[in-house]
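The values are calculated or read from the model by the stated rules, or taken from the named source; none is laboratory data. Given the structure is predicted, the values throughout are model-derived calculations rather than measurements. Here the Cβ positions follow ideal geometry from the backbone for every residue, glycine too, while neighbour counts run over all protein chains shown.
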Amino acid sequence: MRDKSGGVTKISTGIDGFDLIALGGLPANRMTLVAGTTGSGKTLFGLEFLMKGILQFDEPGVFVTFEESPSDLRKVMTAFDYDIDGKEESGEWTFIDATLTSSPQDVVVGDYDLGALIARIGAAVQSIGAKRVVLDSTGSLFSRFADTGHVRFELFRLAAALREQGTTSVLTMEIAGERNAFSRFGVEEFVADNVVVLRNILEEAKRRRTIEILKFRGAPHRTGEWLFTIVASEGFIVIPVSLLGTKELASSTRVSTGNTEVDRMCGGGFYRDSAIIVSGPTGVGKTLMAIQFIAAGVAQGECCVLFSFEESRDQLIRNAASWGFDLPMMERSGNLRIACEYPEMASLEDHFVSMKQVIEEYQPVRLAVDNLSALERVATARGLRDFIIGMTSFVKHQEITSLFTSTTRTLMGASSITEAHISAITDTIVVMRYAELAGEIRRAITLLKMRGSSHDTRVREFSIDGEGIHVGMAFGQSIGILGLAGGGESVI
């Protein structure tokens with residue numbers, strides 16, 4: 001697909017999420033340098049750019065490899081369900097093996113001249129009518145030249161030849177640094193029309209993949225770093241989290257919280273498209289609140305999804321049964337989908353992708369996520385922020401009523417990192433705390449915030465038994481339930 005953007009024609013890469021941040025795709029008939037450290041996904045980016053061009057846009061491609069053999073690359077792509085062999089047989093895909101280990105007749109690069117390589121690429125492009133060309137990984141190619149001046153000259157020559165052939169090309173290059181290095185020889189980013197940087201950064205003992213469009217010459221694009229992940233059978237997925245909520249809807253329809261008294265506190269229930277956070281220390285009743293919310297939807301015949309990052313499926317079912325909720329029966333009705341996974345089982349980006357897939361497949365009306373704070377174990381502060389913004393924006397755009405639980409750092413309620421990221425973007429904040437009164441520990445609940453609606457601001461006592469949560473009267477005297485960062489309390 002071709003698109004005019006700012007006067008420059010762009011072609012869609014087909015790579016999930018990338019065209020959104022590229023505002024349409026890569027500038028057509030130009031060279032794009034894709035630079036990154038080892039293992040950052042450069043080769044896969046190039047392979048997908050070629051394969052998606054064939055599958056989605058009927059644009060044949062040529063893949064020039066300087067490091068891995070074509071047979072190895074074919075094996076790599078089988079993990080993503082891409083049939084390169086079939087595309088070669090149909091004349092839509094051609095490999096050029098320019099590796100040093102290839103047979104003498106396949107060595108197309110001389111010590112100081114790219115003439116033979118350029119001629120062979122031209123012949124391959126003409127033979128299959130190629131529209132896309134990938135050169136991977138060119139670091140080993142240009143390391144054969146004596147100085148950077150020669151590298152720059154030959155790179156200009158290569159880019160001009162590819163442009164004359166009417167192709168859109170991707171050139172991958174390995175870089176050493178993760179932050180300020182954009183090329184290997186110090187000249188590539190100046191010669192290439194466009195530069196895309198892939199990073200696989202180690203922060204706080206956790207890996208975080210990001211992609212950045214450093215420049216599109218003469219063409220607009222989104223700036224900044226964006227999360228991406230690589231998923232088996234799906235490939236390269238860019239997660240443009242801050243763009244997912246650009247078309248958020250606003251509903252005035254109310255839905256039940258699952259508790260009659262909490263409904264009254266909310267002025268009739270939660271808004272249909274609202275995002276709710278339930279904050280509290282461990283054991284106070286957050287999971288029960290989430291289950292009551294989901295059970296109310298199932299009772300209305302609504303499709304619901306419950307994600308759990310803190311308990312196994314068996315634990316969740318057992319605990320729900322102790323409060324009088326039969327989750328297996330709800331599943332058998334076809335109105336509930338339960339997904340339980342410990343945070344350590346995948347990266348934060350992979351969790352985001354898998355949750356998004358479940359939501360898109362099941363199309364729920366209600367969603368509960370228990371517990372967001374558990375994801376802090378596998379996330380950096382920025383990664384967690386991007387995850388929360390992306391997920392809340394995505395579900396609001398789908399007009400799903402979503403409830404997220406968050407565990408405070410201390411039993412008396414000091415806020416968590418999660419709450420610092422989510423409190424400003426949620427519509428409703430339900431605070432559940434332990435409170436000490438007359439030498440006795442009691443449970444207290446209050447609505448700290450409810451956007452666009454009048455609500456009960458009193459601190460009310462609640463209890464839990466085999467039938468769920470029971471909200472009682474407001475406390476008759478001053479009681480502190482909002483923990484401060486220093487571990488103290490403020491009095492409401």
Test: residue in region 316-324 that is within 28 Å of Asp386 (Cβ to Cβ) and either among the β-branched types (Val, Ile, Thr) or surrounded by fewer than 16 Cβ atoms within 10 Å (Cβ to Cβ) (or both): no
Members of region 335-379 found to be in contact (Cβ under 8 Å) with a residue 12 or more places away in the chain, exposed (fewer than 14 other Cβ atoms within 10 Å of the Cβ) and not basic (Lys, Arg), listed by number: Glu344, Gln363
Residues satisfying the stated conditions in region 351-392, i.e. touching a Lys or Arg at 6+ places or on another chain (Cβ under 8 Å), part of a helix (DSSP H, G or I) and closer than 22 Å to Gly301 by Cα: Val358, Tyr362
Breaking point among (1) at pLDDT below 85; (2) surrounded by fewer than 17 Cβ atoms within 10 Å (Cβ to Cβ); (3) hydrophobic (A, V, I, L, M, F, W, C), for Leu141: (2)
Residue ranges of strands (runs of 3 or more DSSP E) in region 10-107 with at least 2 members touching an Asp or Glu at 6+ places or on another chain (Cβ under 6 Å) and not charged (D, E, K, R): 31-36
Breaking point among (1) surrounded by fewer than 22 Cβ atoms within 10 Å (Cβ to Cβ); (2) in contact (Cβ under 8 Å) with a residue 60 or more places away in the chain, for Leu288: (1)
Yes/no for Thr94 being closer than 23 Å to Arg120 by Cβ, surrounded by 18 or more Cβ atoms within 10 Å (Cβ to Cβ) and not basic (Lys, Arg): yes
Flag for Val431 being at pLDDT 90 or above, in contact with a Ser or Thr (Cβ under 6 Å, 6 or more places away or on another chain), within 15 Å of Met289 (Cα to Cα) and not polar (S, T, N, Q): yes
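Each row is one residue, and each column tells you yes or no for (1) under 30 Å from Arg157 (Cβ atoms); (2) surrounded by fewer than 21 Cβ atoms within 10 Å (Cβ to Cβ); (3) modelled with pLDDT under 85.
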{"site": "Val187", "(1), (2), (3)": "yes, yes, yes"}
{"site": "Asn194", "(1), (2), (3)": "yes, no, no"}
{"site": "Val197", "(1), (2), (3)": "yes, no, no"}
{"site": "Leu202", "(1), (2), (3)": "no, yes, yes"}
{"site": "Ala205", "(1), (2), (3)": "no, yes, yes"}
{"site": "Thr223", "(1), (2), (3)": "no, yes, no"}
{"site": "Leu227", "(1), (2), (3)": "no, no, no"}
Within region 419-452, tally of residues that are assigned to a loop (DSSP other than H, G, I, E, B) and either buried (at least 18 other Cβ atoms within 10 Å of the Cβ) or at positive phi (or both): 5
Count of region 163-185 residues which are of a type in the set (Gly, Ala, Ser) and either outside the structural domain of Ala35 (by TED's automatic domain parsing) or at pLDDT below 65 (or both): 3
Selection count where residues are at pLDDT 95 or above, among the β-branched types (Val, Ile, Thr) and over 28 Å from Val284 (Cβ atoms), scope region 317-373: 0
Within region 440-479, tally of residues that are under 16 Å from Gly258 (Cα atoms), among the small types (Gly, Ala, Ser) and within 37 Å of the chain's Cα centre (by Cα): 1
Index of the failed condition, Phe95 passing every other in (1) closer than 30 Å to Gly7 by Cα; (2) over 28 Å from the mean Cα position of the chain (by Cα): (1)
Residue identified as at pLDDT 70 or above and either farther than 27 Å from Phe387 by Cα or surrounded by fewer than 15 Cβ atoms within 10 Å (Cβ to Cβ) (or both) among Ala250, Ala160, Ala146: Ala160
